[in-house]
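Written out below as structure tokens is the structure these notes cover.
Here, each number is a calculation from the coordinates, and none is a lab measurement. Every value quoted in this text rests on a predicted model; they were computed, and no experiment measured them. Neighbour counts are summed over all protein chains in view; Cβ atoms, including those assigned to glycine, are modelled from backbone coordinates with ideal geometry.
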Amino acid sequence: MTSKVKPFFIGDIKIDPPLTLSPMAGVTDFTFRRLIKKRGGVGMTVSEFISVEGMTRNSPQSKRMMRFLEEERPFAVQIFGANTKRMAMAAEMAEGIGADILDVNCGCPAPKVVKKGGGSGLLNNLPLLEEILKEIKKAITIPLTLKIRSGYSDSDINSVEVAKLAEQCGVEHLALHGRTREQRYAGLADWDLVRQVKEAVSIPVSGNGDVTSVETALARFKETDCDGILIGRGAMQNPWLFRQIQDALEGREPYVPTLDDKQEVLLEFFEYLSEDMPELAALGKMKQLAGQFTKGLRGGAKFRQTLFHSQSAEEILENIGNYFETLSSEGADANETAEDSVETLDSCEAVSV
Ligand SMILES: Cc1cc2nc3c(=O)[nH]c(=O)nc-3n(C[C@H](O)[C@H](O)[C@H](O)COP(=O)(O)O)c2cc1C
């Protein structure tokens with residue numbers, strides 16, 4: 001890589017390039033990860049967060065959520081919960097199904113998770129977090145990683161303290177989303193905290209929050225000296241973002257996806273979904289996510305409406321075909337108009353756990 005940024009290691013697992021598809025409940029399932037990984041530039045994938053209560057009771061949903069493809073490796077299973085014994089059991093199960101890494105969620109702000117002490121609730125209970133991390137370490141041989149928020153609230157920013165504690169407990173990588181629990185998704189992530197955490201510990205640290213372009217990624221690496229970056233919402237709007245950042249890190253011009261690439265990504269996504277679930281469910285997922293991929297394209301808002309009203313696989317494929325045909329007949333300038341700009345994205349709160 002021409003820049004100072006290099007692949008890094010979690011234990012003996014190489015994260016190359018140092019870019020991770022950030023876990024997003026209801027989004028980064030098997031099919032979505034497969035789609036994004038195939039576009040290139042993803043150094044690590046992570047499951048959606050999985051409840052240890054479900055996992056340790058053999059819930060079929062948890063089993064589904066742990067599925068991954070060989071080509072995704074290195075792959076981390078992310079668990080959440082607050083019961084030490086169940087956290088350790090679930091960690092062992094993740095190792096048993098062949099995950100490369102076990103990640104503990106210490107960031108989810110959803111009330112139903114936090115009320116039971118899990119997710120970002122653990123930032124408020126460091127003795128319990130310590131106990132959980134130590135028990136998990138005893139239960140597994142694969143590396144243990146932690147994903148945290150900057151603190152519970154503005155008056156409780158404790159990411160440096162948590163990072164040091166995690167390191168002492170044998171955690172081998174820390175990812176920091178620079179927002180507090182209270183902040184949810186409002187405002188901007190505080191990347192200076194990423195810099196502070198990186199300075200405070202010797203394990204690798206990845207920063208996270210609001211990276212949606214090559215320029216932002218390069219700037220965040222430079223400002224914080226972090227080892228890696230996690231990208232969540234940016235991957236939905238631009239599945240090629242990882243590849244583009246990798247290009248820049250390795251001294252190449254970032255790849256510019258063509259209209260054909262954009263059409264292919266939609267068709268491929270629908271194909272993967274159809275392979276994995278009944279038609280109705282695939283249609284629902286397509287409506288939820290496919291619109292994101294067309295952000296920034298001319299007429300994208302209108303296209304999303306037609307997607308939303310599609311009732312069958314046939315109709316959805318026809319609408320995709322028509323849309324891209326119109327775009328290519330309009331010539332090169334298929335790019336964005338102001339009215340097609342950003343829509344709000346939901347958090348893990350939208351998902352039942
Ligand atoms: C829909 C959605 C679901 C999420 N689910 C999870 C999750 O399961 N586990 C987790 O650690 N973070 C979860 N997050 C947080 C993201 O991983 C990431 O930390 C956050 O979105 C900030 O990064 P971004 O600006 O690149 O999206 C979720 C975020 C969104 C938008």
State, to one decimal in nm, how far the label point of residue 329 lies from the label point of residue 112, with both points 7 Å from Cα in the Cβ direction. 4.7
Determine the alpha carbon to alpha carbon distance for each of 85/285; 147/222; 6/295; 38/302; 38/295; 4/134 and list only those over 24 Å. 85/285; 6/295; 38/302; 4/134
Given R₀ = 22 Å, what would the calculated FRET efficiency be for residue 302 paired with residue 38, taking r from the Cβ atoms and rounding to 0.05? 0.20
Counted neighbours (other Cβ, 10 Å), sorted fewest up, put 152, 255 in the order 255, 152
For the stretch 1-102, what is the percent of antiparallel DSSP beta bridges, rounded to the nearest 5? 25
Would you kindly state how much longer the chain becomes between residue 322 and residue 131 on full extension, computed as 0.36 nm times their sequence separation minus their alpha carbon distance, in nm to one decimal? 63.1 nm
Along the Cα-to-C-beta direction of residue 164, a point sits 7 Å from the Cα; which residues of the stretch 117-137 have their amide N less than 19 Å from that point? 123-131, 133-134
Rounded to the nearest 0.05, what FRET efficiency do residue 222 and residue 155 have when you use their Cβ-Cβ distance and R0 = 35 Å? 0.70
Mean residue ellipticity at 222 nm from the helices of the chain, using -39,500 (n - 2.57) per DSSP H segment of n ≥ 4 over the full residue count, to the nearest 500 deg cm²/dmol? -13000 deg cm²/dmol
Using the crude model of +1 on Lys and Arg Cβ and -1 on Asp and Glu Cβ, and no other charge, please compute the dipole size for the chain relative to its Cα centre, in debye to 20. 1060
Would you mind calculating the gained length between residue 199 and residue 64 on full extension (0.36 nm times residue separation, minus the Cα-Cα distance), in nm to one decimal? 44.8 nm
Which order do peptides 271-277, 236-242, 77-83, 54-60 fall in by mean Cβ count within 10 Å, highest first? 77-83, 236-242, 271-277, 54-60
Debye, to nearest 20: dipole size of the stretch 259-339, +1 on Lys, Arg Cβ, -1 on Asp, Glu Cβ: 440
Determine the relative contact order of the chain: mean sequence separation of Cα pairs under 8 Å and six or more apart, normalised by residue count, in whole percent. 15
The chain: antiparallel bridges as % of DSSP beta bridges, rounded to 5, reads 15
Going by how many other Cβ atoms sit within 10 Å of their own, how do 16, 103 line up, fewest first? 16, 103
Report, in whole Å, the centroid distance computed from the Cα atoms of the stretch 46-108 and the stretch 186-225. 26
